[in-house]
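This report refers to the structure that appears directly beneath it.
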Amino acid sequence: MNSLKEINAPINTETIDRIHLEKQSGKNIYETICILEKISIKIHDKIKEDLDNKLEEFNIMNKNNLEEIFENKEQIELSKFYEKLPKSTSISIQYLLNGKIKI
């Protein structure tokens, strides 16, 4: 997976031409959706793992100081960044459309 900052998938729901997806994948729409679902799950798991690892760093640093946990601006910015990311399904579809994955 590329860097999360480089993802250019839409944040909002967009309609995509079924025929275009089929041409990109070389499969029928049902097979394409099943494969994209599996890719989406892997992307979601990777994003979650990255976020958990970064949040764990904050937990280790702030174990003794509970006040800092609630006021840590870096942690707030990190959370905002991950909240603004597109859904993993949008990312997997965009990867297919951009030719970054082959089905």
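Before moving on, here are some points about what is shown:
- Whichever lysines have a C-alpha closer than 17 Å to that of K27, once near sequence neighbours (fewer than 8 apart) are set aside: K38, K100, K102
- Model label points for K38 and I101, set 7 angstrom from Cα along the Cα-to-Cβ axis, are 1.0 nm apart.
- Model label sites at K48 and K84, defined 7 Å from Cα along the beta-carbon direction, differ in position by 2.4 nm.
- Vicinal HN-Hα couplings computed from phi for the stretch 40-47 (Karplus, 6.51 cos²θ - 1.76 cosθ + 1.60; Hz; Gly/Pro x): 4, 5, 5, 5, 4, 4, 5, 4
- Residue-by-residue Karplus 3J(HN,Hα) for the stretch 93-100, coefficients 6.51, -1.76, 1.60, Hz, glycine and proline x: 5, 5, 4, 5, 5, 7, x, 7
Quick note: the coordinates plus some simple rules give every number you see, no bench work behind them. Not measured: the values here are computed from a predicted model. Cβ: placed from backbone, ideal geometry, glycine included. Neighbour counts: every protein chain shown.
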